[in-house]
Amino acid sequence: MDFDIKYNDFRQEVRTYCEEKIAPHAVEVDREQFYSKDVHKVINDKGWWGSIVPKEYGGLGLSTLEYAIIVEEISRVCGSTGLTFAAHNSLGTYPINAFGTEEQRRKYLPPAAERGALIAFGLTEPEAGSDAGGTKSRAEKTADGYLVNGTKCWITSAEVCEYSIITARTSDEGGVHGISSFVIEKGMEGFSIGKHENKLGCRGSNTAFMHFDDLKISDWHLMGKEGEGFKQFMITLDGGRISIGAMGIGLAQAALELAAKQAEARLENGKPISRHQSVQFMLADMATQVEAARLIMYKTAWLKDNGHKHTKISAMCKLYASEVAHYCTDKAIQILGLDGYTERYPAERYYRDMKLCEIGEGTSEVQRIVIAREVLKELAGA
Ligand code: CAA
């Protein structure tokens, strides 16, 4: 497995760009809690909004592995931007390409890839979070389409997106098999954006409610077939979880670098605190965990790129990388001492941004459920 070596140059190029163009905005977007048009342009200049969109629809057609490296490097300098970027690509462009009709692909993917027309992922509802199958939003069949009513919450980029894919129940029969998915557009009558969330971390990424009040859409907006929505969204999350893993690794890497640098710079009794074994043990554990999480990420992305089922390992990737991010951002603050507890250093931002990784795109508890179910299936020979 030569992942690391093969992608070294690519990673270095992405890193340099992120350090020069995205890092300078990280403090401001976090402090002021806004989605930055300047950062949007910086990403657009590289074509990264279309990272995994095939070239025929205006994208770069990168592999999942290359895309994950971009997510990691963006998150290393700005967790907020990493989240917006990951949600648009993994949860927006991917499902339209994978499950949309050819007409939907031709309509939505070129603007998404070529100018970063953001696509949101409308799954979660006030009464359907971890239990995504508990979707209450409804799409009643009409003569030539659907009448949609319901509410979605915790939607990344809700206020700044141009399109969204959503789930809604089209049948009361068959539990999750009665859920369908649709692509909708901003400006449609009956589609409005609700309360803006002020968050603990990733504050430069936009999060708000979406409301559907007698939203009329034609049959054209259905993605795939009726009843396939839940499965489509679960498959999409199998990919999305790789990118949240990548985001966690980026934050963990940033925390490790900052901690190591400050351990060398901070003196006690005239000596750098890096000379203390207690500090070295923390740095060693951080570095080891980052390395292991990155290897899982590489393997998961490789499996996806080569058409293998990756439900279990995606959940492992997200779970492990999120917990590594928790450990590393926590220890970075510990090594910096009270300096790390202030805005003087970005350690506290890394710590706040990290928390999203343990909740968004399925909590750590959901990941454990997914992993355990897959392990039991494998042991039963299913
Ligand atoms: N791939 C393919 N099919 C899948 C699948 C997958 N990964 N996962 C489930 N399915 C299929 C099953 O095979 C099953 O199909 P059959 O009935 O035909 O056999 C069907 O879907 C139902 O599966 P389950 O019985 O496993 O469904 P469940 O109701 O028990 O749910 C769950 C399982 C794993 C807990 C799921 O509800 C889940 O993942 N919940 C978390 C939701 C989530 O991650 N939300 C994040 C929202 S997005 C976000 O946060 C982004 C952001 O903006 C920050």
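State all residues of region 116-138 that are within 6 Å of the ligand (Cβ to nearest atom) and of a type in the set (A, V, I, L, M); if no residue qualifies, say none. Of everything in region 116-138, those that are within 6 Å of the ligand (Cβ to nearest atom) and of a type in the set (A, V, I, L, M) turn out to be L123, A132. The lone criterion from (1) touching an Asp or Glu at 6+ places or on another chain (Cβ under 9 Å); (2) assigned to a helix (DSSP H, G or I) left unmet by Y345 is number (2). Please work out which one of (1) closer than 23 Å to I359 by Cβ; (2) away from the ligand (no atom under 16 Å from the Cβ) is the condition G79 fails and give its number. So the condition that G79 fails would be (2).
Across region 166-195, the number of residues qualifying as in a loop (DSSP other than H, G, I, E, B) and either at positive phi or at pLDDT 95 or above (or both) comes to 8. Evaluate region 317-327: report whether one residue or more is within 30 Å of P272 (Cβ to Cβ) and within 16 Å of the ligand (Cβ to nearest atom). Yes; the residues of region 317-327 include at least one that is within 30 Å of P272 (Cβ to Cβ) and within 16 Å of the ligand (Cβ to nearest atom).
Restricting attention to region 342-363, the residues being among the polar types (S, T, N, Q) and within 11 Å of the ligand (Cβ to nearest atom) number 1.
Checking each residue in region 104-124 for being under 23 Å from C153 (Cα atoms), of a type outside the set (S, T, Y) and surrounded by fewer than 24 Cβ atoms within 10 Å (Cβ to Cβ) picks out G116, A117.
Residues that are buried (at least 18 other Cβ atoms within 10 Å of the Cβ) and either within 16 Å of the ligand (Cβ to nearest atom) or in contact (Cβ under 8 Å) with a residue 24 or more places away in the chain (or both) were ranked within region 328-339; the one that is nearest to T81 (Cα to Cα) is T329. At least 3 residues being farther than 28 Å from K37 by Cα and over 20 Å from the mean Cα position of the chain (by Cα) is the threshold, and among the strands (runs of 3 or more DSSP E) wholly inside region 83-165 those reaching it are 138-141, 145-156. With respect to the conditions (1) under 16 Å from the mean Cα position of the chain (by Cα); (2) under 17 Å from A87 (Cα atoms), A252 lacks only one, and its number is (2). The conditions of being among the aromatic types (F, W, Y), within 10 Å of the ligand (Cβ to nearest atom) and surrounded by 18 or more Cβ atoms within 10 Å (Cβ to Cβ) are not met by F212.
Criterion applied to T101, T93, T64 was being β-branched (V, I, T), farther than 23 Å from I5 by Cβ, surrounded by 24 or more Cβ atoms within 10 Å (Cβ to Cβ) and not assigned by TED's automatic domain parsing to the domain that holds G204, and the one residue passing it is T93. Among the residues of region 140-183, those that are surrounded by 15 or more Cβ atoms within 10 Å (Cβ to Cβ), away from the ligand (no atom under 16 Å from the Cβ) and of a type in the set (A, V, I, L, M) comprise L147, V148, V183. Within region 102-112, can one find any residue that is touching a residue at least 60 places away in the same chain (Cβ under 8 Å), of a type in the set (S, T, Y) and closer than 17 Å to M234 by Cα? Among the residues of region 102-112, not one is touching a residue at least 60 places away in the same chain (Cβ under 8 Å), of a type in the set (S, T, Y) and closer than 17 Å to M234 by Cα, which makes the answer no.
The values are calculated or read from the model by the stated rules, or taken from the named source; none is laboratory data. As the structure is a prediction and not an experimental result, all values here were calculated from the model. FYI the Cβ positions are ideal-geometry reconstructions off the backbone, even for glycines, and counts take in every protein chain you see.
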